[in-house]
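Just below is one structure, and these are the notes that go with it.
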Amino acid sequence: MAQIKAWIEAMRLRTLPVSLAGVVMGWGYAAGFGGVRPAAVILCFLVALFAQIASNFANEYYDYVYGLDKAGREGPRRGVTEGDITPRAMLCATYISLALACCAGLGLLWFGSWWLILVGVAVALGALAYSAGPYPLSHHGLGEVAVILFFGIVPVNFTCFLGCGHHDASVATGSLALGLMIANVLVVNNYRDADDDAKVGKNTLAVILGRGKMPWLYALNSLAAMALMFARWSGRGLWPVPVAFALLYCLIALRMTRVQGRRLTPLLGITAVSILLYSIMFLLFCR
């Protein structure tokens with residue numbers, strides 16, 4: 001039972017809703033164009049889910065290998081660092097998850113062209129490059145940029161295109177807005193871990209800018225995202241939706257300034273779940 005719990009913890013269940021949100025929003029845009037291909041959307045869900053799990057496993061493994069994780073750190077328990085999971089098992093799980101994402105991605109070739117292979121390769125490399133390679137993105141203040149790209153821009157645009165065969169500039173705008181919202185999950189995570197990361201030389205954006213600026217970044221990302229989507233919601237008579245989400249995120253940003261350590265973890269979960277809720281509301285009411 002303890003072993004199963006360790007693996008579930010390594011998956012970072014609090015953050016998995018963000019891997020689904022981009023596909024849900026892309027599904028919403030596809031439905032707006034008319035004629036959704038259900039099989040394509042399902043495959044997009046599988047790619048997104050397995051790619052994030054692979055990225056989370058890789059983060060645990062490579063941070064351990066690079067000596068960046070120490071026992072007793074803030075945040076979720078690190079299975080490899082704490083000795084609950086062997087490094088070899090975590091590495092194998094990383095590449096098995098990545099292989100499953102690639103298999104689902106190959107199924108998408110039925111709905112597109114050969115160039116989707118290049119997209120799949122970029123997604124696979126991105127899942128690893130976040131924590132591994134000669135220039136790990138999360139170690140050099142680029143984690144939030146990677147999240148905007150691979151959790152917002154890529155899934156929304158490609159789910160829409162593969163889901164219905166159509167695309168326009170409004171999809172790109174929505175994907176950027178969602179990416180900014182999802183980046184806030186990482187903002188909270190790195191804000192919580194900033195002191196531990198600074199001690200081991202892991203230069204996240206929170207370490208580079210300083211912890212004091214992260215709540216402001218959280219609020220800025222949120223307000224920018226709602227501003228980008230305000231016209232679309234308003235055009236459907238639903239302007240209170242972006243206003244309500246903007247208010248929620250400003251309250252979370254304020255709360256960030258008043259709690260420390262593990263008490264920040266629930267804010268990470270609330271942010272992730274609210275983003276999935278936002279994307280579902282978009283699918284149902286704003287497509």
- [ ] Please work out how much length the chain gains when fully extended from residue 118 to residue 243, using 0.36 nm per residue of separation minus the C-alpha to C-alpha distance, in nm with one decimal.
- [x] 41.2 nm
TODO: Can you work out the accessible area per residue across the chain, with the rest of the protein chains kept in place, probe 1.4 Å, in square angstrom?
DONE: 44
- [ ] Using a 1.4 angstrom probe on heavy atoms only, work out the carbon and sulfur share of the accessible area of the stretch 138-190 in %.
- [x] 75
Task: Where chymotrypsin sites (Phe, Trp or Tyr not before Pro) in DSSP loops with at most 16 other Cβ within 10 Å are excluded, longest remaining stretch of the chain - done: 116-287
Task: Candidates per trypsin sites (Lys or Arg not before Pro) in the stretch 123-225, loop by DSSP, up to 14 other Cβ within 10 Å - done: none
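The values are calculated or read from the model by the stated rules, or taken from the named source; none is laboratory data. In this text the structure is predicted, and so the values were computed from the model without any measurement. Neighbour counts are summed over all protein chains in view; Cβ atoms, including those assigned to glycine, are modelled from backbone coordinates with ideal geometry. These area figures cover heavy atoms from the full protein model, side chains too; ligands, DNA and RNA do not enter into them. Shrake-Rupley method; radii C 1.70, N 1.55, O 1.52, S 1.80 Å.
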